[in-house]
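Presented below is the structure to which this report refers.
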Amino acid sequence: MLTFLIMAGGSGERFWPLSTKEKPKQLLNIFSNKSLIRLTVDRILPLVEKKQIFIATNEIQIDAVKKELPELLNDNFIIEPAFRDTASAIAYGSMIISKYYDNPTIVVLASDHLIADENNFRNIISKASESIEDKILTIGLKPLYPETGYGYIEADNLELEQITKVISFKEKPDILTANEYLKNGNFLWNSGMFIFKYKTLMDSFAKYSKPHYDINLKLNQIIKSNEGVTTSRKAKELFLQYPKISIDFAIMEKADNIYVIPANFGWNDVGSFIAFEDLFEADKEKNIIKNTKAIIVDSYNNIIVSDDYHQRVSLLGIKNKVVIVTKDNILICEKDKVQEIKKIIKKLEQGDYNG
């Protein structure tokens, strides 16, 4: 049985102030007339029935996510009691799915990515799910340029849509290393998408991250006792005992049954405001203006976005900046500093204001 686990618990800090904890990036519709999570669900509906799609989110965002996806059943929303990184989210979400299906094939997707060639994407998912056996599969994207914001996957064979063994995973590189990866020709961008059988995942946790396995066994006992998984105090206490670690560190970088499918379906993880340069056409001064009316004088190579089309933005002598305007905040940022926006969020949370 093919099922999907869509990860929708992130806060999208790199898109602040458009994105907040209450309305994170996956709920924004500034990239198209649909939100990113709506696009994600629509993308996979040709492959499965809606009952086979599960959304992992948190207590802060659950109401907004349900409102965005009203056709999904209440049981298909998995509420994580706390943020314990991707290994815990995948262990917990997969365990919930296994309540409804016997050893299902589970495809883990992010809720905030864009894919241009959706037919090719679906074909690859179908091919992968039919060839899964006892493998854990991931999807790697052919790199188009030396990107420093992605992790990389090293593999011997980069022939498109051919399953091949992973040699190693690499953390986000500096620009010199990213150029070497591109020149080498044996590296793929790590998409963060995974495909596996539930039993294979649990066997991997048992071997490489035993605490996750043990906690899942205890949570299964709660299911059998009809106490409810997402609501009982005991379940929440167990969830908080999960080690806070990514799935890459917990399993992917250790296991010997990890395979990758090289792909090229126009993937963009919309990781920062710089993604607007890939998604939208600039004007003759290389400014990208989205959802606002702008007056531009002697200003070049900027990204200007508002959450209210009626808000006017005026720039004079501004170059290489990101300018974001919302009802409550204005962000003005050097383009090469967009990965550091969380520094502002930290000050905001601490009430550390000037003036």
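The values are calculated or read from the model by the stated rules, or taken from the named source; none is laboratory data. Given the structure is predicted, the values throughout are model-derived calculations rather than measurements. Backbone-built Cβ (ideal geometry, glycine too); neighbour counts: all protein chains shown.
Some points to look at:
- In the range 319-330 there is no residue that is among the acidic types (Asp, Glu), out of contact with any Pro (no Cβ under 8 Å at 6 or more places or on another chain) and either in the same structural domain as Ala116 (by TED's automatic domain parsing) or assigned to a loop (DSSP other than H, G, I, E, B) (or both).
- Sole exception among (1) farther than 26 Å from Lys23 by Cβ; (2) loosely packed, with under 12 Cβ neighbours inside 10 Å for Glu334, by number: (1)
- With respect to being under 21 Å from Phe169 (Cα atoms), more than 17 Å from the chain's Cα centre (by Cα) and of a type in the set (A, V, I, L, M), Ile97 falls outside the description.
- Note on the range 305-322: residues that are crowded, with 19+ Cβ neighbours inside 10 Å, of a type in the set (A, V, I, L, M) and more than 24 Å from the chain's Cα centre (by Cα) total 1.
- Taking the criterion of being part of a loop (DSSP other than H, G, I, E, B), surrounded by 15 or more Cβ atoms within 10 Å (Cβ to Cβ) and among the small types (Gly, Ala, Ser), the residues of the range 124-170 that qualify are Gly149, Gly151.
- Evaluation of Arg14 against the conditions (1) within 25 Å of Ser272 (Cβ to Cβ); (2) more than 15 Å from the chain's Cα centre (by Cα); (3) crowded, with 18+ Cβ neighbours inside 10 Å shows that the sole unmet condition is (2).
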